[in-house]
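The values are calculated or read from the model by the stated rules, or taken from the named source; none is laboratory data. The structure presented is a predicted model; accordingly, all values stated were derived computationally and were not measured. Don't worry about glycine lacking a Cβ; one is built from the backbone with ideal geometry, like all the others, and counts go over all protein chains shown.
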Amino acid sequence: MTHHRKEQLLGPTERPEIEYPCTWTYKVIGEDCSLLKDIIVSACSPLPVKISHSHTSSKGKYHSLNAELEVPNEEIRLKVYETLKCCPAVKIII
């Protein structure tokens, strides 16, 4: 039996449809692991967040952490992202 999957390509102005509430994971990269954890908890507050270590760079300078939480709506999802993005200790957020 063959299954066919229809894939839809989104244009530059189209956004994927996200159903809320949903579990969302941010990957947060920076140099100070402990500081990153504090920043993540603060940015996600009052929502509970599960933080797990993802990777350390080969020279040990950078650490990436996964921050997983249930976001109730797009406004909160974007607010957490913007809060993390504005922190000088956060080098990259995906």
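Some points to look at:
- Condition check for R15: closer than 29 Å to P88 by Cα, modelled with pLDDT under 95 and exposed (fewer than 13 other Cβ atoms within 10 Å of the Cβ): yes
- When restricted to residues that are outside any helix (DSSP H, G or I), touching a strand residue (DSSP E or B) at 6+ places or on another chain (Cβ under 9 Å), of a type in the set (G, A, S) and within 14 Å of L84 (Cα to Cα), segment 43-66 contains 1.
- Within segment 18-38, the set of residues being surrounded by 11 or more Cβ atoms within 10 Å (Cβ to Cβ), of a type outside the set (K, R) and either in contact with a helix residue (DSSP H, G or I) (Cβ under 6 Å, 6 or more places away or on another chain) or within 12 Å of I51 (Cα to Cα) (or both) comprises W24, T25, Y26, V28, G30, C33, L36, D38.
- Checking each residue of segment 29-42 against the condition of being assigned to a strand (DSSP E or B), within 16 Å of the chain's Cα centre (by Cα) and closer than 16 Å to I94 by Cα gives at least one match.
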